[in-house]
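The values are calculated or read from the model by the stated rules, or taken from the named source; none is laboratory data. The structure displayed is predicted, hence computed values, not measured ones. With ideal geometry, Cβ positions are generated from the backbone for all residues, glycine too; neighbour counts draw on all protein chains shown. Just the protein is used for accessible areas: all its heavy atoms, side chains included, with ligands, DNA and RNA removed. Shrake-Rupley method; radii C 1.70, N 1.55, O 1.52, S 1.80 Å.
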Amino acid sequence: VYKRQSQTRESREEEDKKVLYFRNLRPTLTESDLEKVLSGYGTVNRITLKPFRGSHACKYAVVEMENGKQAKEILTSTAEDIRSLFLEGKELYIRYHQSNEERHSRNPSPASGYQPQKFNSSTHTVPKPQAWPFQDILPPKVLTLDYAKQNWRGFKALPSEKRRSCYQEWLYPLIEKQIGPRLAKRISVMITDFEVMTDEEILQCIEIEQALKQRVGECKEALGEDD
């Protein structure tokens, strides 16, 4: 009985997984092109297709199919019609798309027990005090990474462009140290795309060298700058 219940639960969870995330798509690909191919596997409910922030070398997409069975068939397919969507020589990158809530649960914030590695932080001028979302927290004249982590809820409540500006300033010297200055700014822009990365994932890149190295490698591949 337990085994049957477990199989039923797994089947239900698989059925719920109907949203896919594509990366390394051809820069000339259109939503119509993508829908034409994927409709051969079932009903396409929704498509979002965009170029990577800071790069026109390739695109990414979020696609919702009618059900999980159709999505799984696409996910496991190596057919030529699927391969034709991607840049030649690049990985056929298709994964189940995760919602912000799912990604947050996988990458908890500092307030819920996440203890990232420490390193010397840069600084960034804080917005005007009245823009700070909590009256009982007075922002310092200069916003440091450590202060942002200690007041994580307040920092995340800031407008996305202000957070992105902070992240890019903190990321740039770390990326420059890894690969030099030529692509550092461009990749810092790509990593801080909130449609692809959550705040917690960006923070991991800032604090965990291996996480940053992996993301930098993915960005270089997207830019056609493979070593």
Legend entry - Accessible surface, the stretch 167-225, averaged per residue in Å² (probe 1.4 Å): 42 Å²
Inset, instruction - Along Cα→Cβ, 7 Å out, is where each label goes; now give me the distance between the ones at GLU176 and LYS50 in nm to one decimal. - result: 2.8 nm
Inset, instruction - Could I have the simple spin-label model distance between GLU35 and TYR93, label points 7 Å from Cα toward Cβ, reported in nm to one decimal? - result: 2.5 nm
Inset, instruction - Identify the trypsin sites (Lys or Arg not before Pro) of the stretch 152-227 meeting these criteria: DSSP loop state and at most 10 other C-beta atoms within 10 Å of the C-beta. - result: ARG182
Legend entry - Per residue accessible area in Å² of the stretch 20-92, where ligands, DNA and RNA are left out and the probe is 1.4 Å: 50 Å²
Legend entry - Efficiency of FRET from Cβ geometry, GLN210 and GLU73, R₀ 41 Å, rounded to 0.05: 0.75
Legend entry - Apportionment of accessible area to carbon and sulfur, the stretch 145-227, percent (1.4 Å): 45 percent
Legend entry - Apportionment of accessible area to carbon and sulfur, the stretch 19-92, percent (1.4 Å): 47 percent
